[in-house]
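Novice: Let me begin by handing over the structure; questions about it come next.
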Amino acid sequence: MIIEMNAIRKSFDQNEVLKEVSFSIQGGEICALLGENGAGKSTLMNILGGVHQMDSGYITVNGYQVTFDTPIESQKTGITFIHQELNLINYLPIYENMFIGRELKTKWGSLDLERMLVETEEMFRQMNIDLNPETMVRDLDSSYKQIVEICRAMMTNASIIIMDEPTTSLTDQEIERVFKMMKTLKERNVGIIFISHKLNEVMKICDRYVVLRDGSLVAEGNVNDVTTNNLSRYMVGYEVRSEPLAKERKIGSEILRVEGLTSIAFRNIDFSIKAGEIVGVTGLLGDGRSELFQSIFGAEKVSAGKIFLNGNEVKIKSTTQAIKKGIAYLPRNRKENAIIKDMDIIDNASIVTWPTFSWNGIINRKKHIEIFTVQRKALRLKMGELTDRITSLSGGNQQKVVLAKWLAASPKLLILDNPTQGVDVGAKEDIYDIILKLADENIAVIVLSSEAQEIIRVCDRALVMYHGNLQGEVAGEAMNEHTIMHLATGGQLDVRKGERSVDE
Amino acid sequence: MSNSSEVKRQNVFQWFANKWTREPLFSTAIALIIMVILQTLVLGFDYDSFGSWFQAWINNWINILRNNAGIGIIALGMTLVIMTGGIDLAVGSTLVATGALAMMLLDTGTKGLLGMLGITGIPAFLLTIVLVLVFGYLLGSLIGVSITKGKVPPFIATLGAMMIFRSVTQHFMQGYNPKVPTEFLQIASFKLGNYMIMPILYWAFIAYVLYYVSKRTIFGRQIIAVGSNERAARLSGVDVERVKLKVYALMGLLVSIAAVIQVSRIGSMDFSNAGRGMEMDAIAAAVVGGTSMMGGRGLILGTVYGMLIIAVMNNLLNLFGVPPFLREAFKGFIVICAVLLQKKEKTS
């Protein structure tokens, strides 16, 4: 099957999102659709998926012109859109999920669970997937959920699958699993449109690439002919840096030390961080790093261990207390944990600091706006009115607003959990700049990330976790992707090579 | 020439469409204006002079507003409760419980609590008001504690409280008919000029205070944060439990104010029927005014409009002579229509 989208135009209100974009995909190829947030990727795919209607232009399938007025029409043609937020029902087993909306019935009209189970097993066998179809979806990790969605698409005989950032919440191991699946699909002559911000993955799995910028197609071609540098330049329109950013800084006194910290998610954690340091914490999914730092922030319970701030032992029972003690925590999964969608931009940027410019609980509006206006410039926020909803911003700018609320609290210890998740290349660099500037201002910064490259670029040293244990600490030469991955998969540091271990 | 007027019409239409989609209060206000025009028409112009027509119109309005002041105040609190993502079904029963306390304290008979202590007149009234408000606040806090500390879902906690408060009140007030001193009735019946508008003034004052609280205070903003994304609010250092507790306590306080108004307006209370269905009316007013049952979104002013829309409609049905049993159906119809007309959150 070959699908061609020709000279597609689309505007929302006055805002022209797509300016005569043409795009094509055929069976058996994996095409990367690249671009910063707001470049028009989602809109283009939503038009293909029948969610939005184009203003002008036309779509052909195998040469015949078609229109997709609803998602169902698009699906019937064989196009399946796998959204970033997976559409699975957690409290049903896999095989029932596979048949949602097109359940198999017995002749009595009741669900034919047996046949559904058998067909799912058959599907998994064909696809070489080692999963028990009777497992509840809530017990699966994100990669398997992704795989279940893909299988579901395959069962409806999808010939084109759109995958919207399928790997953002996956660890490297899981990504491998999804990639393997994608290769299988390719062999079966399915076309895949792969939307991602991770250029390394694009280089690895894709055949072709198409880059959108500000609603126009700026580059396309074979992946073999380009480098990641080329691609990121196409995406942002200028050269992007990739050199390490960490440099010599004045290191102050110890800010945080934990001893033997233990909970369900992690065990016996010891480490410390000094003012002006940037420490990375990484690992694979299930390593417990988010839980560890949420506990330090007072959002989760600890069963044993001690926390010291500035050398004094503290007991932190709530996030409110943690903030008072100068700890800030920027959570992962912005949409679930950080964005308050019913509040405007300025309130989202100042929810933590309201008490500092209010009198008896009454907010001083003038001061509120003054403070935010300064921040807005410093963070290079691209936004409309102060009172626009936070959801009107692109992912990168949303993240900057969330960062703003913590910076306004002038913390001594800043914990950033996946700070560049779902953020485009340009905004990523802005966030790195902010991190480095904060360290220069003598703030202790902890960066939690699943991307080893990010840690290596920004951090002075890195802690690697594995299944709730602190597996090792790396710095300098030893802080490379290979060593980090070795530790993150449960390997030990070889002391003879000069790499030091935290446990010594 | 015709072309330019065409353009102008286009602009007016666009302005209207823009307002309709962008401003949540706009559609509610339009609906209210339509209702008021309808009501004016139905009231008719069959009067000797403009003066007497205007007098009748004003009197009708004062009646509507006064009759709805109590429930109007409760609807304001309900808006805040719903904005946190909760609900309070116990308002009617809290009204009866606090009203019963007021009457027991004030009773001019032999069993009057304050009378037994020898406190009468203005001090007794003031003491009664203070005690009743404190009692309402405590009952609200009790619900709040079971929701925040006991982690009972608001629907269940307040459903339970609804049954408990009324049943206990009825038990204790069995065969007891307290008489409220007539001077106490002045609280609601005091005439400003020729008009009995005190309850309307209380309502307006409380609406203004809550409007200010919701727009300009940390507490008001935290309500939105908690209702919109509880987890994000907690991770931003908002004491979610405290915000919820305060909202339910405030709800109890507002109900007790409504109870004082009701007791001072009528001088008596039917403990088995007063306030029944009140929770639904309050929720309806909030919803018609644009409050989202999902939490996070709501407007104090919208609830005032919503209450007025429902009140004017009741008045209209009265003027039209619609059979009483059918009136609820119209109310239900209005609530559903209001939500149909409101701007929907985009799902994609």
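Throughout, read-outs are computed from the coordinates displayed, never taken from laboratory work. All values derive from a computational prediction rather than experimental measurement. Quick reminder, even Gly has a Cβ in these numbers, built from the backbone with ideal geometry, and neighbours come from all protein chains shown.
Novice: In terms of Cα to Cα distance under 22 Å, which lysines are near enough to A:K105, apart from those fewer than 8 places away along the same chain?
Specialist: Output for A:K105: A:K76.
Novice: How far, in nm, would the chain grow between B:L326 and B:Q170 when pulled straight, counting 0.36 nm per residue and subtracting the alpha carbon separation?
Specialist: Working: separation 156, 0.36 × 156 = 56.16 nm, distance 2.95 nm.
Extending this stretch completely gives an extra 53.2 nm.
Novice: Treat every Asp and Glu Cβ in the protein assembly as shown as -1 and every Lys and Arg Cβ as +1, leave all other atoms uncharged, and give the resulting dipole magnitude about the Cα centre to the nearest 20 debye.
Specialist: Numbers: 86 positive and 83 negative charges, 523 e Å.
The dipole of the protein assembly as shown has a size of about 2520 debye.
Novice: Based only on other Cβ atoms within 10 Å, what is the fewest-to-most ordering of A:S295, B:S256, A:S216, B:S214?
Specialist: Details: A:S295 24, B:S256 28, A:S216 15, B:S214 21.
Arranged by neighbour count, lowest to highest, A:S295, B:S256, A:S216, B:S214 become A:S216, B:S214, A:S295, B:S256.
Novice: Counting other beta carbons within 10 Å of each Cβ, put A:E248, B:E230 in order, fewest first. Can you show the working numbers first?
Specialist: Values: A:E248 6, B:E230 19.
Lowest to highest Cβ neighbour count: A:E248, B:E230.
Novice: If the limit is 20 Å between Cα atoms, which of A:K10/B:K19; A:K315/A:K412; A:K301/A:K400; A:K306/B:K244 go over it? Mind dumping the intermediate values first?
Specialist: Details: A:K10/B:K19 23 Å; A:K315/A:K412 17 Å; A:K301/A:K400 29 Å; A:K306/B:K244 31 Å.
Cα-Cα > 20 Å for A:K10/B:K19; A:K301/A:K400; A:K306/B:K244; rest within.
Novice: Would you calculate the separation in nanometres between label points at B:A29 and A:A475, each defined as 7 Å from the Cα along the Cα-to-beta-carbon direction?
Specialist: About 6.2 nm, to one decimal.
Novice: Can you list the residues, at least 5 places off or on another chain, whose amide H is less than 5 Å from the amide H of A:Y466, using H built in the peptide plane?
Specialist: Correct list: A:Q471.
Novice: If R0 is 45 Å, what FRET efficiency do you get for A:L104 and B:L159 from their C-beta distance, rounded to 0.05? Write down the numbers at each step before the final one.
Specialist: On the way: r = 40 Å, r/R0 = 0.89.
Given R0 = 45 Å and the Cβ-Cβ separation, E is 0.65.
Novice: May I ask what percent, to the nearest 5, of DSSP beta bridges between residues of region A:2-236 are antiparallel? Let's see the in-between values first.
Specialist: Numbers: 24 of 41 bridges.
Bridges in region A:2-236 that DSSP calls antiparallel: roughly 60 percent.
Novice: Evaluated at 25 °C with a viscosity of 0.890 mPa s, what Stokes-Einstein diffusion coefficient in µm²/s does region A:236-350 have when Rh comes from the Kirkwood expression over alpha-carbon pairs? Could you put the intermediate results ahead of the total?
Specialist: Details: Rh = 16.5 Å.
Translational D for this selection: 149 µm²/s.
Novice: Using the alpha-carbon atoms, what tilt in degrees (0 to 90, nearest 10) does helix A:113-126 show relative to the longest principal axis of chain A?
Specialist: Helix A:113-126 sits roughly 80 degrees off the main axis of chain A.
Novice: Could you run the Karplus curve 6.51 cos²θ - 1.76 cosθ + 1.60 with θ = phi - 60° over region B:186-192 and give me ³J(HN,Hα) per residue in whole Hz, x for Gly and Pro?
Specialist: Each residue's phi maps through the Karplus curve to give 4, 3, 9, 9, 4, 9, 9 Hz.
Novice: Moving on. Could I get the Rg over Rh figure for the protein assembly as shown? Both from C-alpha atoms, Rh via Kirkwood, rounded to two places.
Specialist: Numbers: Rg = 31.9 Å, Rh = 31.1 Å.
Rg/Rh for the protein assembly as shown comes to 1.03.
Novice: Counting other C-beta atoms within 10 Å, which of A:M163, A:M383 has the fewest, and how do the rest follow? Numbers along the way, then the final one.
Specialist: On the way: A:M163 25, A:M383 18.
Exposure proxy ranking, most exposed first: A:M383, A:M163.
Novice: Considering the Cα trace of region A:2-236, what is its radius of gyration and what is Dmax, both in angstroms?
Specialist: In order Rg, Dmax, the Cα atoms of region A:2-236 give 18.2, 60 Å.
Novice: Compute the FRET efficiency between A:S216 and B:L341 as 1/(1 + (r/R0)^6), taking r as their Cβ-Cβ distance and R0 = 35 Å, and round to the nearest 0.05. Working shown, then result.
Specialist: Details: r = 39 Å, r/R0 = 1.10.
Efficiency at R0 = 35 Å is approximately 0.35.
Novice: Per residue of A:314-321, what is the mean number of Cβ atoms on other protein chains within 10 angstrom of that residue's Cβ?
Specialist: On the way: counts 0, 0, 0, 0, 6, 8, 7, 2.
Neighbouring Cβ atoms belonging to other protein chains average 3 per residue here.
Novice: Among B:F172, B:F271, B:A90, whose Cα lies farthest out toward the positive end of the dipole of region B:63-341, if unit charges sit on the beta carbon of Lys, Arg (+1) and Asp, Glu (-1)?
Specialist: Positive-end residue among those listed: B:A90.
Novice: Within the protein assembly as shown, what percent of beta bridges assigned by DSSP are antiparallel, to the nearest 5?
Specialist: Working: 48 of 83 bridges.
Antiparallel bridges: around 60 percent, rounded to the nearest 5.
Novice: Continuing with the same structure: I'd like the distance separating the alpha-carbon centroids of region A:117-134 and region B:210-284, in whole Å.
Specialist: After rounding, the separation between the Cα centres reads 52 Å.
Novice: Suppose each label sits 7 Å from its Cα in the direction of the beta carbon; what would the A:N310-B:Q186 distance come out to in nanometres?
Specialist: It is 5.9 nm.
Novice: Next question, about the same structure. Taking the Cα centre of chain A as the origin and placing charges on Cβ (Lys, Arg +1; Asp, Glu -1), which of A:S272, A:V352, A:Y144 is farthest toward the positive end of the dipole?
Specialist: A:V352
Novice: To check you understand DSSP bridge types, tell me what percent of the beta bridges within chain A (both residues inside) are antiparallel, rounded to 5. Mind dumping the intermediate values first?
Specialist: Working: 46 of 81 bridges.
For chain A, the DSSP antiparallel bridge percentage is about 55.
Novice: Over all distinct Cα pairs, what is the inverse of the mean 1/r for region B:63-341, reported as the Kirkwood hydrodynamic radius in Å? Intermediate values should be presented prior to the final figure.
Specialist: On the way: mean 1/r = 0.0521 Å⁻¹.
For region B:63-341, inverting the mean 1/r across all distinct Cα pairs yields 19.2 Å.
Novice: Give a residue-ordered list of calculated ³J(HN,Hα) values for region B:34-48 (Karplus: 6.51 cos²θ - 1.76 cosθ + 1.60, θ = phi - 60°; whole Hz; x for Gly, Pro).
Specialist: 4, 4, 5, 4, 4, 5, 4, 5, 5, 4, x, 10, 7, 10, 5
Novice: A further question follows. Please label the shape of region A:82-132 as rounded, prolate or oblate, based on the square roots a ≥ b ≥ c of the eigenvalues of the alpha-carbon gyration tensor (a/c under 1.5 means rounded; beyond that, a/b larger than b/c means prolate, else oblate). Show your work: numbers first, answer last.
Specialist: Values: a/c = 2.26, a/b = 1.24, b/c = 1.83.
Verdict is oblate for region A:82-132.
Novice: Whole-Hz ³J(HN,Hα) for each residue in region A:406-412, computed from phi via Karplus 6.51 cos²θ - 1.76 cosθ + 1.60 with θ = phi - 60°, x for glycine and proline: what do you get?
Specialist: 7, 5, 4, 7, 5, x, 9
Novice: While we're on this one: Given a Förster radius of 60 Å and the C-beta distance between A:K382 and A:R125 as r, what FRET efficiency does 1/(1 + (r/R0)^6) yield to the nearest 0.05? It would help to have the intermediate numbers written out before the result.
Specialist: Working: r = 49 Å, r/R0 = 0.82.
That gives a FRET efficiency of 0.75.
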